[in-house]
Structures are given as structure tokens and as C-alpha cells.
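Novice: Dumping the structure here so I can ask a few things about it.
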Amino acid sequence: MMNKLRILFVTHTVAMQGANHSLLRLILELRDNYGVEPMVLMPHIPASYEKWNLLKACHDAGIECKSLRFYWFKENPRVVSFLRCLSNLWWYPLIYLKLRRGAFVIVHSNSSVISLGAFLSSMMKCRHVWHLREAASLHYHFKSLLGKRYEQWVYKHADVFVPISETIKEFYLKSLPANKLRMIYNGVLPVSQEALALHDNAQLQFCMVGLLTVPKNQLEALKAINILVNEWGLKELHLTFIGFEEPVYAKELHAFIDGNGLGEYVSFLGERNDVCAQLKKMDVGLMLSNFEAFGRVTVEYMMQGLAVIACDTGANAEIVEEGQTGWICKFNDTYDLASKMRLLIENRDQMLGFAEEGRKRALRLFSSHKNTEHIFHLYQELTQNHMS
């Protein structure tokens, strides 16, 4: 094995959401399995994330980390966003002065909305790997706050971009050179055989995991439940939501449930730290978002032995094999969703077959171990080319 790699990971938020969960798993496996020496740099911690954040998660895992003040260069074009971005002219050099003796051979940026990694890799004269985990300009309407020329300068200071799905790769092919794009699927930690879904429910248990917010489209699931129960007369089903509830949207969801008499068919568990234990009780996972760059939750469903119904947006069709590991339904076509759910309610053998084949596919293509192996080989390639 080559000498240990000292790598600086730069991420865009301290929130423990999908991108940082994936980053933390990657770092742990790089450290434990490949001897990488990591350090994580993240923005200043706002009060809303003081209870649980990436800094605490890194401390708990024994990973060197720092929280320093810096801001996104891509965001909604507002005056306050522009002023924060301009302040990077002050913060970036200060951060460099703090880290310049770190002996990093690679800077690894964890999001497309931060340019700090490009600045640091340029100043430190080391390689820059840029993970592309979202299509921010397409789905959040973010723009480069300092203009296209700055964006082009930033992109020039990356040796390789890593889109996490073919869908994201296709999006960035419009603006980035193809020879710098290296698609590597995101990875999810496999669960043990003992943690697999039991599938011993009298009622078929559907679930949705994730933040309860408009883009995640939980209301569509409720509309489908309403069709199944009140139009088609199916009663042997239940839907469970797991995730933090945005107050305004949650109020809309609860009003729909009350207005259609669905209370006994729907449960809300809120934000949980035992999601794996809850999924063990489920049968089918739903993924109905208006866009998923990869679909980490979808893979988590599959890893744990759930059948999946996903809509035809984002990378869902790359993950779910139609008719083999689950069903793909049309986005916002409630009757199509309800029909796919009915097929699994009325055919438990098909549901179990989807669950078994889905786990096999997830282990083969989307495990965190495979993701980490590919990333480490990319590091080796970059450092060897740099030295030669």
C-alpha cells in the first residue's frame, strides 16, 4: 500500500442530512480500511443545529475536524446571499493560513455550492476532487453569486468531478468537460441479516423516510391511500412517515388525513435515531420526491429488504429495476401510484420477491464499501499522476 494520504474534506453544511451521512461513512471507511488520514472542514454552526451536527459526529468518531466561517458561492440571488459570498474574500485567506501546514495531498469538496475547496487546493498546490451530489441550479434555482466567470474559474481548479448518478452526470455534461467527470454511485452501509424486514404484518406496511417537506411529496402518498381505502375499499394497509415535520406542510398533511377519515391508516413517527429498527417492521418503501440526485433512502429500503415503489424522476430508474426490485410510477399520477401499491397489497409473493432481489442489487451496486473502494482508487490515480 502507498503512503498514507492526508486529505481535507470540505462540506457545505453541518446538518446531518444525506450528503453528510454519506461523507461521514466514506471518511470512516477510508480511514479504517485504507489508512487515509482525514480532516473535515465545515461552516460555522448555527444555533438550530447545536444539538446534533457533523462536528459532534466527527468528534464522536475520532475524526479531526474544524468549524470555520465561510459561505456558499451558489445560492438564491438575494442581497444577503451576495454579501455573505463577498465576505469569503476575507474568510478564505484566513482559513488557508490556519490550514496551510496541514500537508494535504488532496482537497475533497462534498457539494457543488461551495468554492472553498477550489481556493484551498490552488493555494496548497494539491489535487482537488469535487463530489457533485446535487443539481443545485436546476432544482433549487441557485446561481453563481459572483457571476459566470467566477464559476468557470472555480471549475478549472478541480482535477476530477464525481457525480453520484448517471442522471447527475448528464446534467453536468452541459457545463463541465466529459474527461473530468467520473461517475461513482453513492454508497449505503449494508445491514446485517438480523436487521432485515420481517414481513410478518397482517396489514401491508408502507413507509416514507425523510424530511416532511413539499419536494418529498408525502401528500401524494396520502392521496393514494385515500384512493385505496375510500374508493377501492382496501383496508389491509398502513402508511408510516419517519422524519422531521416542517410545520406548515405537516399541517396540510394532517388536515388531509382528518378530512378523509384516514387516521387509522397513517402514522407519524417524527425524527428518529432508530430508523433501521423501524424499517424492520415495514414491507414497502415509497420514494416520491420531485427529484433525487441518487436516492440514498431508496437504497436503504433495498438494503433492509423492503420492496420499493418510486416515481420516474431523478436517478430512481437507475436504482430500481422495474418489475424486478419494485415498481416505477409516473410522477404526480396518483392513480398510477395507487395501482402499484394495490398490486403489492394483493400479491405478497411479488412483494417478497422484489424485496429479495432489491437487497441483492443494492449489495452488488450501491454498498458503501464499493463506493469507498472506487473513491480510494481515484485518489491513488490522482496522486500517482501528480508525482509522475
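The values are calculated or read from the model by the stated rules, or taken from the named source; none is laboratory data. All figures in this text were calculated on a predicted structure; none of them were measured in a lab. Neighbour counts are summed over all protein chains in view; Cβ atoms, including those assigned to glycine, are modelled from backbone coordinates with ideal geometry. Just so you know, the surface numbers come from the protein's heavy atoms only, side chains and all, with ligands and any DNA or RNA stripped out. Shrake-Rupley method; radii C 1.70, N 1.55, O 1.52, S 1.80 Å.
Novice: Of the chain, which part is the longest with no GluC sites (Glu not before Pro) in a loop (DSSP not H, G, I, E, B) and with at most 12 other C-beta atoms within 10 angstrom? Can you show the working numbers first?
Specialist: Numbers: sites that count: Glu50, Glu236, Glu271.
Formally, the longest exposed-site-free interval is 51-235.
Novice: Normalise the Cα radius of gyration of the range 29-138 by 2.2 N^0.38 Å (N = residues in it) and let me know the number. Could the numbers behind the result be given before it?
Specialist: On the way: Rg = 14.7 Å, N = 110, 2.2 N^0.38 = 13.1 Å.
So the range 29-138 has a normalised radius of gyration of 1.12.
Novice: Between Leu211 and Arg364, what is 0.36 nm times their sequence separation minus the Cα-Cα distance? Round to one decimal in nm.
Specialist: Details: separation 153, 0.36 × 153 = 55.08 nm, distance 2.76 nm.
My answer for the length gained is 52.3 nm.
Novice: Enumerate lysine pairs in the range 156-223 that are 8 or more residues apart or on different chains, then count those whose Cα atoms are under 26 Å apart. Please list the in-between numbers first.
Specialist: Working: Lys156/Lys169; Lys156/Lys174; Lys156/Lys180; Lys169/Lys180; Lys169/Lys216.
Summing the qualifying lysine pairs gives 5.
Novice: For the range 76-132, what % of the accessible area comes from carbon and sulfur atoms, probe 1.4 Å? All intermediate terms of the calculation are to be shown ahead of the outcome.
Specialist: Numbers: 1690 of 2520 Å².
Accessible surface attributable to carbon and sulfur in the range 76-132 totals 67 percent.
Novice: Under a 1.4 Å probe, what is the accessible area of the chain per residue, stated in Å²?
Specialist: On the way: 17310 Å² over 388 residues.
Normalised by residue count, the accessible surface of the chain is 45 Å².
Novice: Tell me, what % of the accessible area of the range 154-258 is carbon and sulfur with a 1.4 angstrom probe? List each step's numbers first, then the result.
Specialist: Values: 2560 of 4660 Å².
Exposed carbon and sulfur together represent 55 percent of the surface.
Novice: The range 71-139 to the range 353-386: how many Å between their Cα centroids?
Specialist: 26
Novice: Another question about this same structure. To check my understanding: the extent here is largest minus smallest coordinate of the Cα atoms along each principal axis. What are those three numbers for the range 229-370, in Å, largest first?
Specialist: 45, 32, 27
Novice: Hey, how much of the P(r) for the chain falls beyond 28 Å, as a percent of Cα pairs?
Specialist: Values: 36233 of 75078 pairs.
Value for the chain (Cα pairs over 28 Å): 48 percent.
Novice: Counting Lys and Arg as +1 and Asp and Glu as -1, each charge on the Cβ, what is the dipole of the range 1-142 about the Cα centre in debye, to the nearest 20?
Specialist: It works out to roughly 380 debye.
Novice: Something else: For the range 1-61, go through all pairs of different Cα atoms, get the mean of 1/r, take its inverse, and jot down that Kirkwood value in Å. Don't jump to the answer; show the numbers that get you there.
Specialist: On the way: mean 1/r = 0.0819 Å⁻¹.
This gives a value of 12.2 Å.
Novice: Taking 2.2 N^0.38 Å as the expected size of a compact globular protein, what ratio does the Cα radius of gyration of the range 125-283 give against it, to two decimals? Write down the numbers at each step before the final one.
Specialist: Details: Rg = 21.2 Å, N = 159, 2.2 N^0.38 = 15.1 Å.
Compactness ratio reported: 1.40.
Novice: In terms of Cα to Cα distance under 19 Å, which lysines are near enough to Lys98, apart from those fewer than 8 places away along the same chain?
Specialist: Within the straight-line limit of under 19 Å, Lys98 reaches these lysines: Lys66, Lys125.
Novice: Right, another one. Work out from phi, with θ = phi - 60° and the Karplus expression 6.51 cos²θ - 1.76 cosθ + 1.60, the ³J(HN,Hα) of each residue of the range 26-34, listed in order in whole Hz, and give x for Gly and Pro.
Specialist: 4, 5, 4, 6, 5, 5, 6, 9, 10
Novice: Out of the range 44-113, which trypsin sites (Lys or Arg not before Pro) are coil in DSSP terms and have no more than 11 other C-beta atoms within 10 Å?
Specialist: Details: sites: Lys51, Lys56, Lys66, Arg69, Lys74, Arg78, Arg84, Lys98, Arg100, Arg101; in loops: Lys51, Arg69, Arg78, Arg100, Arg101.
Those satisfying the criteria are Lys51, Arg78, Arg101.
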